[in-house]
Every structure is written in structure tokens, then in C-alpha cells.
Amino acid sequence: MEFKTELEVPWAFSDKLLMLKTGDWRYQKPVVAVNRCSQCGVCYLFCPTGCVQEMGDHYQANLEYCKGCGICAKLCPVNAIEMVREE
Amino acid sequence: MDNNKSSREIKVLDGNRAAAYGAMLCQPDVIAAYPITPQSEVVETLFNFKAQGLLNAELIEPESEHSSMGTLRGASIAGGRAFTATAAQGLLFMFENCIQVATQRLPIVMVNVCREVSGPHIVVCGHSDIMMVKEMGWIQLHAQSCQEILDLIVMAFKLAEDPQIRIPTVVCYDGWYLSHLWEPVEIPTRGEVEQFLPPLETGLKIDPKTPMVFGPLITSRPATEYRYKQSAAISRAKAKFDEIEQEFREIFGRGYGGQVEEYRTDDADIVLIAMGSCASTARVAIDKKREEGLKVGLIRIRMFRPFPRERLVTALKQRRAIGVIDRSVSFGWDGGNIFVELKAALYNSDINAPMLNFICGLCDSDVTTEIIERAIDIVGHAAQGKLCNEVTWLDIE
């Protein structure tokens, strides 16, 4: 039998556990206009999957986990995030 | 071998105090337990040990058994050696966390003082509580004497914590018949136990700088793989237990035969199978029947989970009839739990001897030598080819 997980037990450092890549579920992705981002962090606080990362001069969703729900775009006070349909 | 025998102390202890000594000698980091009859003296004695400075553990009395096991789950995840004790309703109240710690493969050791589950409201001996644990992924060991209770707890930590096993383990003994029976018990020295049981190394450490994940939400494929690995690990515990018992014998100078213990079975035509305190009563009955010329022997099950299928099949070859004594009922199966397990184990073996089941000792009924002799007589009839009832409730026959 070939195991997909090398672990014997379901506890490990986070990079070793076979995680659910929820980004697979997405049909639209948030695209950030970096020059418009005021770095208020509202998207970071309200992202249901907690996948928004601070990039230094703006915030950006990690697309491996972003489900494309669009909450960040809806809440962004300066309209810096646009949801773009993916094919 | 056995160089330290002279420095070992012999004390007269009841089963509960013997259990507390066993736990204390293993120096757990955390003990979380809620008192319940007939287990209370285990907890009481451990608190006394702590007060006397004999025990370094963090002792916690939470608001319930459910919280006890929850506390130990956290303690074990943090890398600590964890111990608890319970009985009957308390055990049932723990169930959700019991299953969690088994699937998370946390090497917790628990004592269960076997007590009939209420209702009607009964606070007496029986195996109906511990039989509920057989599908929960715990290793289950059964003692027959106060000395064996202490010894099994020391062995249980070693078995549970083995890197190849990592399965929580419950040490069981009969309420009242053992928990409140006083016997001479040899107490191993702290040094000997340290030699036998190395410090626990789980590779676990709760540290915010290197965050870890425990029991995350995962998809079906890895979850199924973890189930498979858990199943394989608990099966490995059979051979490992025999190995550990051998090592125990080398250091402490006594042993019990590993998964099963045989008594006068060498030339036995008929064999009784029993578990727990009634097995020692069975020895007396067997000696008596042997004097009458009947070739009868005893197989005592010490490890109920994993079920010692291979050892039992080997031990039951060439017998003319088999009798199984059960102190619990598998409702809906019309037999006792050991009987049901054994029937499944013997399928596809070449054993075709008649096998009879005797249900007795439920709800605090004494399993007397007379009761066992009656069972032996019935098995004797079956060995002669007479047709007998498959299941007999001896106490209300």
C-alpha cells in the first residue's frame, strides 16, 4: 500500500501535514491594485480562511487557500481589490 | 537478574493502593482524575504520595471524568506522561475524549476498576463498563492479583509509549474483588522502574516559535490512512507486549505469560477461558477437578485488546471441549463478549471442539469455586459428545 501521508499520526509541523488546498474551490480571485492599498488591514482581519498576507507595501491573498468569496473586495474602504473571474 | 530483590519492600496493599504505587513509580507528569467508587482510593493515595513528596506530578481534580481525559490530552500533547483512573459511569462520561486520544495516538495510561454500569442503580463488580471500550482503539489489559495490578501499570506505560505503538492503554481490575482485596505486594525500587521505563520522548513540544498542528480538519484519504496506521499499531502491541513482559521478568523476577497465561493446560482435554479475578478462583476449582482425574486447564486472557487471536488458537489446539466464562453480556448476540470474540478468532482455524459459554458474576454475583466446578462439569459433558446449551447463565440456571 502506498501512503499519501508520510506521517504516522495526525500531528506535525504545519508544512508536513497534508492540508486541504481550498484555493481549488475558487472561480474568481482577488486582484489588488497595489498603489491604491492603504494597508488598513481590513481584508486581513475579515478573510474567513485567514489567507491574507502582509506583503510590506500592500496586503495579498494566498491563492493556495483563497476560496474567492470576495469579502475582502466588498469591505475594502478604498476599493483597491477587484474580483476577477478565472477560467 | 533479580539482584535488587533484597532492597524491595513488601507491603500489604489493596488493589487500589497497588495501582497508586504502580502509577507513582512511573513518575507521571500529570495526573487528572475524578473520584468514583470503587476507584476513589487510587486518587486518594496519589494525593497522599504528592503530600509526602513521593510524587512530583501535577495533580488535578477537574469537575468531571470528561475533563480528566481532556486535561490528559493536553498534557500528552505537551509531551508529558499522563495517568488517570476511573470506573463505570465515569468511564462512560469520558468516552468522547477517550476516542480522541486514541486517534491522536497519545500514550496515556488509565486504570479502570471494573464495575457494572447502572441501571438499575448498582455499584457492584462486573465487566459491562470496560467492554464498551473494546472498539475505542485502546490497548486493554486485565489483572488478576494486586501484584499484577502494580506490574501491569508499569508495563502499560512502556507499551503505550513504545515508538512503534503509541496507543493509550487501560489497565483493568475487578471492583471490590481486587480493588478492596488486601494482599502482599512487592514494591519495585524507583531505580529498577527507571531502568525498565525510559523517560518519555514523544518529540512533542508546545512552543509558539515552532507551531504544530494536532487533529486538524483533513480530507478522507489521509484520515483513512491514519485509521489504517492506528489499526496496524494496535495489532503490533500483541508481540510487543510479550516482549515487554520478557524484559520485565529479567529485571523484576516475575512474569505472567504475556497476552495469555496458561495453567495446567499441557495435557488438558478441556480448557476454561477466563479473565480477571475469577481466573484465580478457577485455578482452585481446576486443582480440585484434577484430583478427581479430570484433565482440565485454564487459559487466562490478560490482553483483551488487541485480542490475542494467534496465541489463543495455538493454545486451544487438540482440546476436546472449551468453556468460556464471561462477566458481561453482548446484548443482541445472546452470549458473553469473550465468547463472541473467541468464536470469531477460531473461524478458519482447524479447531472444531464444542465451545460453551458461561455467563456468571454479573452485578456482583460471586464467581465461586462451585460455580466454576459446575461450568467444568458441563464442558466435560460436551467433551463426551453430549449436546449442551451453547450459553448458560450459571447464577440463575
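Quick note: the coordinates plus some simple rules give every number you see, no bench work behind them. As the structure is a prediction and not an experimental result, all values here were calculated from the model. Counting neighbours? That spans all protein chains shown, and the Cβs are built from the backbone with ideal geometry, glycine included.
Ranked by Cβ crowding within 10 angstrom, fewest neighbours first, how are A:83, B:24, B:355 ordered? Don't jump to the answer; show the numbers that get you there.
Working: A:83 16, B:24 26, B:355 21.
Least crowded to most crowded, the residues run A:83, B:355, B:24.
At an R0 of 41 angstrom, the distance between the Cβ atoms of residue B:124 and residue B:219 translates into a FRET efficiency of 0.30. Per residue, the average separation of C-alpha pairs within less than 8 Å and at least 6 apart gives the range B:301-397 a relative contact order of 30 percent. Positive end of the dipole of the protein assembly as shown (Cβ unit charges, origin at the Cα centre): among B:127, A:56, B:342, the Cα lying farthest that way belongs to A:56.
Can you divide the C-alpha Rg of the protein assembly as shown by 2.2 N^0.38 Å and report the result to two decimal places?
Working: Rg = 27.6 Å, N = 484, 2.2 N^0.38 = 23.0 Å.
Scaled against compact globular proteins, the figure is 1.20.
Between 0 and 90 degrees, the angle of helix B:15-25 with respect to the longest Cα principal axis of chain B falls at about 40 degrees. Of B:266, B:207, B:242, the residue with the greatest mean-square motion in the GNM of chain B, using alpha carbon springs below 10 Å, is B:207.
What's the magnitude of the charge dipole for the range B:27-89 around its Cα centre, counting Lys and Arg as +1 and Asp and Glu as -1 at the beta-carbon? Answer in Debye, nearest 20.
Values: 3 positive and 7 negative charges, 40 e Å.
That gives the range B:27-89 a dipole magnitude of about 200 debye.
Estimate the FRET efficiency between residue B:9 and residue B:232 by the formula 1/(1 + (r/R0)^6), using the beta-carbon distance for r and 41 Å for R0, to the nearest 0.05. Given R0 = 41 Å and the Cβ-Cβ separation, E is 0.50.
Ordering B:142, B:180 from the fewest to the most neighbouring beta carbons within 10 Å gives B:180, B:142.
For chain B, the 222 nm mean residue ellipticity estimated from helices alone, with every DSSP H stretch of n ≥ 4 adding -39500 (n - 2.57) and the total spread over all residues, rounds to -12500 deg cm²/dmol. A simple spin-label model places the labels of residue B:348 and residue A:4 2.8 nm from each other, with each point 7 Å out along Cα-to-Cβ. Evaluated with a Cβ-only charge set (Lys, Arg +1; Asp, Glu -1), chain A carries a dipole of roughly 380 debye about its Cα centre, given to the nearest 20.
Note on the protein assembly as shown: dipole from Cβ charges, positive end direction compared against B:169, B:354, A:27; the farthest Cα belongs to A:27.
Of B:134/B:295; B:288/B:317; A:21/B:158, which pairs sit farther than 31 Å apart, going by alpha carbon to alpha carbon? Provide the component values of the computation, followed by the final result.
Numbers: B:134/B:295 33 Å; B:288/B:317 24 Å; A:21/B:158 39 Å.
Among B:134/B:295; B:288/B:317; A:21/B:158, the Cα-Cα distance tops 31 Å for B:134/B:295; A:21/B:158.
For B:281, B:169, A:22, A:5, the sequence from fewest to most other C-beta atoms within 10 Å is A:22, A:5, B:281, B:169.
Centroid-to-centroid, using Cα positions, the range B:186-204 and the range A:25-69 are 52 Å apart.
When Cβ neighbours within 10 Å are restricted to other protein chains, what is their mean count per residue of peptide B:207-215?
Working: counts 0, 0, 0, 2, 2, 6, 9, 5, 3.
Other-chain Cβ atoms within 10 Å of each residue's Cβ, averaged: 3.
Between residue A:28 and residue B:51, what's the calculated FRET efficiency when r is the beta-carbon distance and R0 is 51 Å? Round to 0.05.
Numbers: r = 65 Å, r/R0 = 1.27.
The computed FRET efficiency comes out at 0.20.
Each Cα pair under 8 Å and six or more residues apart adds its separation to the average, and for the range B:54-97 the resulting relative contact order is 48 percent. Between the residues B:179, B:198, B:279, the greatest Cα displacement towards the positive end of the dipole of the protein assembly as shown, with unit charges on the Cβ of Lys, Arg, Asp and Glu, is found for B:198. For the Cα atoms of chain B, what angle does the longest principal axis make with the long axis of helix B:337-346, in degrees from 0 to 90, nearest 10? Approximately 80 degrees, to the nearest 10.
Which whole-number percentage describes the relative contact order of chain B, with Cα contacts under 8 Å and a sequence gap of 6 or more? Relative contact order, chain B: 16 percent.
What you get for the protein assembly as shown, charging only the Cβ of Lys and Arg (+1) and of Asp and Glu (-1), is a dipole of about 1140 debye around the Cα centre.
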